[in-house]
Amino acid sequence: MKFSDIQYQRPQLEEVKAKLTGLLEAFKAAKTAEEAFDVYKQYDEYGNSISAMGAVAYIRNSMDTSDDFYDQEKAYFDEAGPEIQELSQEFGKALVASPHRADMEKEFGTLMFKNVEMDLKTFSPEIIPDLQEENKLCTEYDKLIASAQVEFRGKTYTLAQMGPFHEDPNRATRKEARAAATEWFMGQRESLDRIFDDLVKVRDTIAKKLGYQTFTELGYYRMQRNCYDETMVSDFRAQIQKHIVPVSERLKAEKAKRIGVERVTVYDDALDFLSGNAKPQGTPDDIFAHGKTMYKELSPETAEFFDFMLERGLFDVLTRKGKSAGGYCYPISALKMPFIFANFNGTSGDIDVLTHEAGHAFAAYRAFDIYPSDLQNGGYETAEVHSMSMEFFTWPWMEGFFGAQTGKYRYAHLAGALTFLPYGSMVDEFQHRIYANPGWSPAQRNQCWLELEGKYRPYLDLDFDFYREGRRWQAQGHIYERPFYYIDYCFAQTMALAFWAESQKDFKAAWEKYLQFVGLAGTKTFTELVAGANLQSPFAEGCLNTVAAAAVQWLDGNPVEDR
């Protein structure tokens with residue numbers, strides 16, 4: 001069955017409540033561990049069937065935000081989700097208090113129960129209206145960004161379609177394009193300020209109702225951070241500033257010289273070579289044809305996976321009017337289908353989608369047979385290790401996408417992995433400051449962002465009011481929709497660089513280690529997975545310095561002739 005053939009049917013809330021209530025009572029009444037196992041399996045399968053319909057509604061709404069039907073279905077799940085969550089929480093309470101817990105832990109391990117206990121700290125029935133409001137605000141932001149129409153040189157573009165102009169070798173074009181895109185954001189600044197202000201307030205209200213001083217502690221529980229805390233994250237950011245910011249400054253200074261500017265400005269930052277960045281060759285069909293070859297040659301596991309994705313039509317990658325911005329992989333456990341959503345725009349980012357999001361999808365595909373489904377997904381940082389590492393493991397096949405420009409791609413990809421780390425850390429520190437000060441005005445938030453720009457990206461010259469006013473963060477959807485997520489990319493990038501370094505020495509051994517890491521899915525914590533792969537933890541003193549040194553050594557030894 002293809003994704004397009006899936007028959008969507010709205011789960012009726014009252015029916016869902018009745019079914020879940022019945023399963024809850026049956027679980028509580030279970031006299032033996034075998035009975036408890038059986039009821040839990042029914043609960044797991046039924047919950048996945050409901051989630052599958054929510055996933056289909058979300059994906060089809062992303063594909064066309066102007067589609068009234070799926071717009072209404074997305075709104076329905078925004079409303080119904082918190083009410084369904086109430087019953088899921090009740091089942092969670094019964095699970096951790098079950099007299100059969102010891103037997104279930106022998107079968108499933110203790111991590112699932114630890115995660116359920118954390119999840120129970122994120123909800124109470126009194127916050128249902130607040131959760132519904134939070135969902136609505138996130139949807140409003142997403143639709144606003146998807147609606148963007150940027151006027152540029154007599155034509156109208158989406159934000160994604162503006163991507164190639166931002167890396168045009170002609171500096172005047174880059175500047176004009178950046179001005180046009182930021183003009184759209186400035187035109188929406190009142191809405192962007194209001195949406196985020198309301199989000200901060202409702203999240204702070206939720207946290208206070210649950211007994212937390214600030215949203216930050218609740219945010220960590222929501223992210224299921226089960227093996228590290230806020231202090232460890234803060235120490236990691238300090239290591240970024242100590243070891244990576246100086247490397248980034250050096251790399252950006254070298255780029256400025258390479259592209260013929262005195263200092264990198266916001267409209268220069270996307271360009272890596274004066275002759276132009278590496279661009280994929282051929283049509284989207286050509287890209288997918290080589291992708292099929294790449295995954296066939298990489299391993300039997302990836303060959304099977306990619307064939308499955310193509311046969312089931314589990315991609316939507318072409319940008320168009322009304323389509324949501326960005327990209328994602330959405331695993332649909334009940335149907336054993338991971339769906340990849342993206343916005344191709346003719347830049348090297350199109351290939352990154354085929355490797356990054358495919359890394360997510362490959363991990364999901366491998367995990368669908370793990371039972372129960374709660375163990376199919378690791379933490380967010382674990383999931384990003386899957387994707388960011390896949391970007392590097394596919395390096396040997398880049399010539400099929402970039403031809404003579406492959407050297408450019410590899411150089412920019414590796415340098416970009418390093419220079420991303422300060423930006424990701426900046427996003428995280430910004431969010432910590434925001435939720436510690438929920439009463440801040442929009443101007444105070446913008447001032448905070450400006451201060452952090454100087455701390456983490458001192459090499460970057462700001463231009464246009466959008467940047468000078470400290471509004472760059474409003475283009476980062478995670479800040480609105482996924483609080484405290486962004487640092488997970490930094491942890492994962494660190495581990496991906498470690499996998500890359502090992503692959504440079506022994507590709508086969510590194511790939512086998514990666515397969516083992518992926519195969520464990522959510523059965524172990526992030527730090528346990530890292531230790532099991534015999535990699536240095538990103539929280540360990542010196543880890544960042546080690547991976548940065550290996551990357552810089554490669555970059556210094558592989559200069560690219562800019563032609």
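Quick notes on this structure:
- The range 110-269: C-alpha gyration tensor shape, a/c 1.5 cut-off, then a/b vs b/c: oblate
- Relative to the dominant Cα principal axis of the chain, helix 128-146 is inclined by about 30°.
- Spatially, the range 329-402 and the range 129-157 are offset by 25 Å when compared through their Cα centroids.
- Comparing Cα centroids, the range 479-525 and the range 19-33 end up 38 angstrom apart.
- Under Karplus coefficients 6.51, -1.76 and 1.60, residue-wise ³J(HN,Hα) of the range 353-370 in Hz, glycine/proline x: 4, 5, 9, 5, 5, 5, x, 4, 5, 4, 4, 5, 4, 6, 9, 4, 8, 6
- Modelled FRET efficiency - R0 45 Å, residue 509 with residue 229, Cβ distances, 0.05 increments: 0.85
- Each Lys and Arg Cβ is given +1 and each Asp and Glu Cβ -1; about its Cα centre, the chain then shows a dipole of about 1120 debye.
- Computed on the range 1-90, the Cα convex hull volume stands at 93 Å³ per residue.
- Leading residue at positive end of dipole, the range 1-149 (Cβ point charges), from 110, 13, 3: 110
- Cα-based shape type of the range 207-332, given that a ≥ b ≥ c are square roots of the gyration tensor eigenvalues and the cut on a/c is 1.5: oblate
- Sites residue 191 and residue 437, calculated FRET efficiency, Cβ-Cβ separation with R0 35 Å, nearest 0.05: 0.95
- Sparse packing (at most 12 other Cβ atoms within 10 Å of the Cβ) combined with a DSSP loop state is found for the following trypsin sites (Lys or Arg not before Pro) in the range 194-293: 263.
- Normalised alpha carbon radius of gyration of the range 382-498 [divisor 2.2 N^0.38 Å]: 1.24
- Label point at residue 261 placed 7 Å out along Cα→Cβ; residues across the range 274-296 whose backbone nitrogen lies under 14 Å: 274-277
- In Å, descending, principal axis extents of the Cα set of the range 349-414: 47, 19, 17
- Degrees, to the nearest 10: 171-187 long Cα axis against longest axis of the chain: 40 degrees
- Kirkwood hydrodynamic radius over Cα pairs of the range 128-199, then Stokes diffusion coefficient at 10 °C and 1.306 mPa s, in µm²/s: 117 µm²/s
- Of interest is the spacing of the C-alpha centroids, which for the range 307-321 and the range 215-281 amounts to 30 Å.
- Semi-axes of the equivalent ellipsoid for the range 490-563, Cα gyration tensor, largest first, Å: 25, 15, 10
- Cα gyration tensor shape of the range 435-563, rounded if a/c is under 1.5, else prolate or oblate by comparing a/b with b/c: oblate
- With both residues required to sit in the chain, DSSP beta bridges show an antiparallel share near 65%.
- Scaled radius of gyration (Cα, divided by 2.2 N^0.38 Å) that the range 232-298 gives: 1.67
- Charging the Cβ of each Asp and Glu at -1 and of each Lys and Arg at +1, and nothing else, the dipole of the range 1-142 about its Cα centre rounds to 580 debye.
- The range 312-326 - phi-based ³J(HN,Hα) in whole Hz, Karplus 6.51/-1.76/1.60, Gly and Pro as x: 8, x, 9, 10, 9, 10, 8, 6, 6, 4, x, 7, 4, 7, x
- Residues whose amide H lies under 5 Å from that of residue 379, counting only those 5 or more places away or on a different chain, are 526; hydrogens are built 1.01 Å from N in the peptide plane.
- Estimated from the Cβ-Cβ distance and a Förster radius of 51 angstrom, the FRET efficiency linking residue 183 and residue 42 is about 0.40.
- q = 0.10, 0.17 Å⁻¹: log10 I(q)/I(0) that the Debye formula gives for the range 304-402, counting C-alpha atoms only: -0.27, -0.78
- Relative contact order, percent, the range 264-360 [alpha-carbon distance under 8 Å, six or more residues apart]: 25 percent
- Relative compactness, the range 82-132, computed as alpha-carbon Rg over 2.2 N^0.38 Å: 1.26
- The relative contact order of the chain, computed from alpha carbon pairs under 8 Å that lie at least 6 residues apart in sequence, is 18 percent.
- Cα-derived Rg over Rh, computed across the chain with Rh taken as Kirkwood radius: 0.95
- Accessible area (Å², 1.4 Å probe, nearest 10) - residue 507: 60 Å²
- Convex hull volume of the Cα atoms of the range 34-167, normalised per residue: 149 Å³.
- Here the spin labels are modelled as points 7 Å beyond Cα on the Cα-Cβ line, and at residue 110 and residue 444 they lie 4.3 nm apart.
- Evaluated with a Cβ-only charge set (Lys, Arg +1; Asp, Glu -1), the range 134-226 carries a dipole of roughly 160 debye about its Cα centre, given to the nearest 20.
- Sparsely packed trypsin sites (Lys or Arg not before Pro) within the range 1-101, loop by DSSP, other Cβ within 10 Å at most 11: 2, 31
- Between the Cα long axis of helix 13-29 and the first principal axis of the chain there is an angle of about 60°, rounded to the nearest 10.
The values are calculated or read from the model by the stated rules, or taken from the named source; none is laboratory data. All figures in this text were calculated on a predicted structure; none of them were measured in a lab. Cβ sites come from the backbone with ideal geometry, for glycine too, and all protein chains shown count toward neighbours. Just so you know, the surface numbers come from the protein's heavy atoms only, side chains and all, with ligands and any DNA or RNA stripped out. Shrake-Rupley method; radii C 1.70, N 1.55, O 1.52, S 1.80 Å.
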